[in-house]
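S.K.: Supplied in structure tokens, the structure appears directly below.
FYI, it's all coordinate maths here, none of it is from the lab. Since we're looking at a predicted model, the values are computed, not measured. Counting neighbours? That spans all protein chains shown, and the Cβs are built from the backbone with ideal geometry, glycine included.
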Amino acid sequence: MNCSNKMKNIAFYGLIFLLISACSKQSEIAKKMNCSPITYKNTKQITDFNKNFTLAIPSNWKTKLYFDNYQSEIFTADTIKQLSETFILAVSYNLGVLNFDKDFHHRKDSVLKANNLKIIDSGNQSFQSKPSFWYVSKGTKNNFEYHRFTVMTKLSENTYFSAYSEIYGNANIDQRICESISLLESIQFLE
């Protein structure tokens with residue numbers, strides 16, 4: 001085998017390794033939702049007000065921070081695109097006990113009912129190697145049809161992570177859910 005062929009083989013196997021590595025970084029939720037890996041360019045790290053976590057988001061997105069005695073949140077969205085082409089992402093670090101028990105599901109179902117949302121998919125896949133529950137719901141808000149992807153992750157006995165993305169319209173729902181999951185996969189907890 002000549003040097004040129006060796007270099008081609010090395011490049012080929014290197015590409016395969018990179019593809020496998022990229023796939024292995026996907027969360028169990030992304031795999032369950034059949035998401036293809038998504039890479040965002042020109043991102044910036046946003047840290048929540050209480051410095052509990054960072055999130056990589058596109059640098060042109062509009063972002064707001066919120067905090068109170070029990071939570072610290074980041075709200076972000078691509079305000080350059082039409083609302084029916086993007087999503088609104090809210091991510092929070094919360095103080096409190098989270099157990100995925102009967103009471104949890106009863107409260108979740110009550111909130112969904114109060115907001116005229118119906119679950120269309122859900123699961124218990126882990127996120128960041130922690131126990132999690134996620135669901136996709138569908139309903140209307142301000143006379144717009146929308147989907148909501150929600151994930152809740154128990155971090156410790158007294159803390160948990162929650163996030164949701166609101167996806168308006170009916171076009172490319174799965175793709176926009178996968179885009180929001182991809183952003184969530186960039187989260188780094190600082191505790």
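S.K.: Say we join alpha carbon atoms closer than 10 Å with springs in a Gaussian network model of the chain; which of Leu155, Leu89, Leu112 then has the biggest fluctuation?
M.R.: For the chain, modelled as a Gaussian network with Cα springs under 10 Å, the answer is Leu112.
S.K.: Also: HN-Hα J couplings of segment 76-81 from phi, Karplus 6.51/-1.76/1.60, θ = phi - 60°, integer Hz, Gly and Pro as x?
M.R.: Result, ordered by residue: 8, 6, 8, 7, 7, 8 Hz.
S.K.: Please check: in the Gaussian network model of the chain (C-alpha springs, under 10 Å), which one of Ala114, Ala30, Ala163 has the largest mean-square fluctuation.
M.R.: Ala114
S.K.: For segment 66-148, which trypsin sites (Lys or Arg not before Pro) are in a loop by DSSP, counting at most 14 other Cβ atoms within 10 Å?
M.R.: Lys81
S.K.: Amide H to amide H under 5 Å from Thr43: which residues, 5+ apart in sequence or cross-chain, H placed 1.01 Å off N in plane?
M.R.: Distant-sequence amide H within range of Thr43: Ser59.
S.K.: Between their Cα atoms, which of Lys25/Lys154; Lys32/Lys62; Lys32/Lys108 are more than 24 Å away from each other?
M.R.: Violating the 24 Å limit, Cα to Cα: Lys32/Lys62.
S.K.: Right, next: Using a cut-off of 15 Å between alpha-carbon atoms, which aspartates and glutamates can reach Lys118, once sequence neighbours fewer than 8 places away in the same chain are excluded?
M.R.: Asp109, Glu145, Glu166
S.K.: Under 4 °C and 1.567 mPa s, how fast does the chain diffuse according to Stokes-Einstein, given a Kirkwood radius computed over C-alpha pairs? Answer in µm²/s, whole number.
M.R.: For the chosen part, D equals 72 µm²/s.
S.K.: For segment 87-138, what is Rg from Cα atoms divided by 2.2 N^0.38 Å, rounded to two decimals?
M.R.: Relative to the rule-of-thumb radius for its length, segment 87-138 sits at 1.22.
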